[in-house]
Structures are given as structure tokens and as C-alpha cells.
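S.K.: There's a structure below that I have some questions on.
The values are calculated or read from the model by the stated rules, or taken from the named source; none is laboratory data. This structure is a prediction, so every number in the text was calculated from the model and none was measured. A quick note on method: Cβ atoms are made from the backbone with ideal geometry, for glycine too, and the neighbour counts reach across all protein chains shown.
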Amino acid sequence: MRGHANSDSPEQDLFYSKQHQIDDMRAVLDACGVKAAVFVGHSMGAYDNLLFAFAGSEYAAYVKALVLFATGPGFQKDEARAAWNKQAEKMANAFETKGLEALVGSDKSKGHRNWRGLAKSARLVNAQRPDDQQKQQ
């Protein structure tokens, strides 16, 4: 995921979105020569796998099967989405004020190197926008 660990952390906000994330997934598969795979995901990773599988036939061709745990199609209710997004914004603000010191638990040992990328990812990818799902329908 952009902004995490050794991944690139573009400066411009426009390079952070769910669409960029699934495009990055496809680029990794292509770079590794993988033509089709079983996609396994938990929580947001599973949600991203759903977005990938339903992004269009050129994406679906990569999917042999989906193994999804503790996920769903995103927040359909505005109130639930707003609460999730409030947490994502809180996380982004923590990175902007504390830098990498905002990392907790095992995240401290994952090799994160750019607090700006983590803040952008929290705000622009972890947060759910209605258009994230509409683009996939």
C-alpha cells in the first residue's frame, strides 16, 4: 500500500485512492509474471480484493478465487462511514503531529519510513468515500 513500509510515498494527494491501490496490486502481479491467483484478505485487505475482483473483466481475469475474512462491501450507511472516516482522519492527524512516533504495537517494526505517506494513506485510502464503490459498479 502506498505510503507504507518500503512502498513509494507520492507527495501529491491525487496518487492515493482505492483505484490506485488496485492498480498497484495489478502492477505487482504483472511484474511477478502472475497471470491468475487466489486472493486472500482480511478486513480492509479483503475489501480491496473485492474491489479488485469487480473492477472489470481485465482485473477479474487475475482472480482464480477469493478467500475473504471479516470483510464487507464497505459502509453503505452514511453514519457508519462517517465514524470510520473520523478514525482515519484521527490516524492521519496523529502522523502529521507525531510523525512515525504515532505508530503503535507491531507497526513499529514493519519498516515504515515516511509519516507523510502514512498520513495520506490513512486519509485518502483507508477512509471510505462513496465514489470508491461507485467506480467498481
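S.K.: So Gly33 ticks every box in (1) part of a loop (DSSP other than H, G, I, E, B); (2) closer than 22 Å to Gln128 by Cα; (3) of a type outside the set (A, V, I, L, M, F, W, C) but one. Which box is left unticked?
M.R.: Failing condition for Gly33: (2).
S.K.: Taking the condition exposed (fewer than 14 other Cβ atoms within 10 Å of the Cβ), aromatic (Phe, Trp, Tyr) and either over 15 Å from the mean Cα position of the chain (by Cα) or at positive phi (or both), does Phe95 pass? Walk me through it before giving the result.
M.R.: Working: exposed (fewer than 14 other Cβ atoms within 10 Å of the Cβ): no; aromatic (Phe, Trp, Tyr): yes; either over 15 Å from the mean Cα position of the chain (by Cα) or at positive phi (or both): yes.
Criteria not met by Phe95.
S.K.: Further question on the same structure: Condition check: surrounded by 16 or more Cβ atoms within 10 Å (Cβ to Cβ) and modelled with pLDDT of 95 or more. Does Ala53 satisfy that?
M.R.: yes
S.K.: Here is a further query. For segment 33-43, does any single residue satisfy the condition of being touching a residue at least 60 places away in the same chain (Cβ under 8 Å) and farther than 23 Å from Lys110 by Cα? So that I can check it myself, show each step before the final result.
M.R.: Narrowing segment 33-43 to residues touching a residue at least 60 places away in the same chain (Cβ under 8 Å): none.
No - not one qualifying residue is present in segment 33-43.
S.K.: Can you name every residue in segment 104-127 that is in contact with a Gly (Cβ under 7 Å, 6 or more places away or on another chain) and either under 23 Å from Asp78 (Cα atoms) or in a loop (DSSP other than H, G, I, E, B) (or both)? Write out each step before concluding.
M.R.: Step one: filter segment 104-127 for residues in contact with a Gly (Cβ under 7 Å, 6 or more places away or on another chain), giving 114-115, 117-118, 120-121.
Within segment 104-127, Asn114, Lys120, Ser121 meet the criteria.
S.K.: Among the numbered conditions (1) outside any helix (DSSP H, G or I); (2) under 20 Å from Gly3 (Cα atoms); (3) not small (Gly, Ala, Ser), tell me where Val40 comes up short.
M.R.: (2)
S.K.: Let me ask something else. Quick one: which of Glu101, Glu58, Glu89 is of a type in the set (Asp, Glu), under 23 Å from Gln128 (Cβ atoms) and in a helix (DSSP H, G or I)?
M.R.: Details: Glu101 fails: under 23 Å from Gln128 (Cβ atoms); Glu58 fails: under 23 Å from Gln128 (Cβ atoms).
Just a single option satisfies the conditions, and that option is Glu89.
S.K.: When residues of segment 11-33 are filtered for being polar (S, T, N, Q) and surrounded by 17 or more Cβ atoms within 10 Å (Cβ to Cβ), how many remain? Steps first, please.
M.R.: So the first thing to find is which residues in segment 11-33 are polar (S, T, N, Q), and the list is 12, 17, 19, 21.
Subset that is surrounded by 17 or more Cβ atoms within 10 Å (Cβ to Cβ): 17, 21.
Of the residues in that region, 2 qualify.
S.K.: Mind checking which pairs have a first residue in segment 71-91 that is free of Cβ contacts under 8 Å to residues at least 60 places away in the same chain and surrounded by 12 or more Cβ atoms within 10 Å (Cβ to Cβ) and a second that is part of a loop (DSSP other than H, G, I, E, B) and not polar (S, T, N, Q), Cβ under 6 Å, 6 or more apart or different chains?
M.R.: Arg81/Phe75; Trp84/Phe75; Asn85/Ala127; Ala88/Ala127
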